[in-house]
Amino acid sequence: QLLELMRQQRLEPQSAGGSWDPVRKSICSAYFYNSSKIKGIGDYVNMLTGIPSALHPSSALFGLGYAPDYVCYHELISTTKEYMSCVTAVEGEWLAEL
């Protein structure tokens, strides 16, 4: 689908090689308003709204053994507290560029 959309827009597909950074930068740009900064052990706070949240236990980042300093998420799940779902680790510099 993505290749077809690029052809329709007359864009030339380019490979990122083995690097995931261009993909993560794109997600960072698209989900800028859903960016959070680490506040404490396993706790994050949305950088724009100040809403506290945590990584959802089903997230791949949840069991890494370390928590990224900055993340972007797709949605918040509200239970006893707010959980971020579909989370990607991003670099703080990328957020500063936006």
Task: In the range 77-96, the residues that are in contact with a Cys (Cβ under 9 Å, 6 or more places away or on another chain) and either polar (S, T, N, Q) or more than 12 Å from Asn34 (Cβ to Cβ) (or both) - done: Thr88, Ala89, Glu91, Trp94
Task: Number of the condition not met by Tyr73 [criteria: (1) loosely packed, with under 14 Cβ neighbours inside 10 Å; (2) modelled with pLDDT of 95 or more] - done: (1)
Open item on the list: I'd like to check something: does the range 20-30 contain any residue that is among the hydroxyl-bearing types (Ser, Thr, Tyr), within 16 Å of the chain's Cα centre (by Cα) and at pLDDT below 95?
Closed with: yes
Open item on the list: Cβ contacts < 6 Å: first residue in contact (Cβ under 8 Å) with a residue 12 or more places away in the chain and closer than 14 Å to Ser35 by Cα, restricted to the range 60-75; second residue open to solvent by 60 Å² or more (accessible area, probe 1.4 Å) and in a loop (DSSP other than H, G, I, E, B), any location; separation 6+ or different chain. Result?
Closed with: Cys72/Tyr31
Open item on the list: What pairs come out if I take residues in the range 9-23 that are free of Cβ contacts under 8 Å to residues at least 12 places away in the same chain and pair them with residues that are assigned to a loop (DSSP other than H, G, I, E, B) and open to solvent by less than 60 Å² (accessible area, probe 1.4 Å) whose C-beta lies under 6 Å away, six or more apart or interchain?
Closed with: Pro22/Ala16
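For (1) of a type in the set (Asp, Glu); (2) open to solvent by 90 Å² or more (accessible area, probe 1.4 Å); (3) within 30 Å of Thr79 (Cβ to Cβ), each residue gets a yes or a no:
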residue	(1), (2), (3)
Arg7	no, yes, no
Gly18	no, no, no
Asp21	yes, no, no
Ile27	no, no, yes
Tyr31	no, no, yes
Ser36	no, no, yes
Gly40	no, no, yes
Val45	no, no, yes
Ile51	no, no, yes
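Which residues, counting only those in the range 34-47, are more than 10 Å from the chain's Cα centre (by Cα) and modelled with pLDDT of 90 or more? It would help to see each step written out before you state the result.
From the range 34-47, those more than 10 Å from the chain's Cα centre (by Cα) are 37-47; that's our starting set.
Correct list: Lys37, Ile38, Lys39, Asp43, Tyr44, Val45, Asn46, Met47.
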Task: Criterion violated by Leu61 - all others in (1) closer than 16 Å to Val23 by Cβ; (2) open to solvent by 30 Å² or more (accessible area, probe 1.4 Å) satisfied - done: (2)
TODO: With respect to Leu95, determine if the residue is touching a strand residue (DSSP E or B) at 6+ places or on another chain (Cβ under 6 Å) and without any contact (Cβ under 8 Å) to a residue 40 or more places away in the chain.
DONE: no
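The values are calculated or read from the model by the stated rules, or taken from the named source; none is laboratory data. Fair warning: this is a prediction, and the values are worked out from it, not measured in the lab. Neighbour counts run over all protein chains shown; Cβ positions are idealised from the backbone, glycine included. SASA here: full protein model, heavy atoms, side chains in, ligands and nucleic acids out. Shrake-Rupley method; radii C 1.70, N 1.55, O 1.52, S 1.80 Å.
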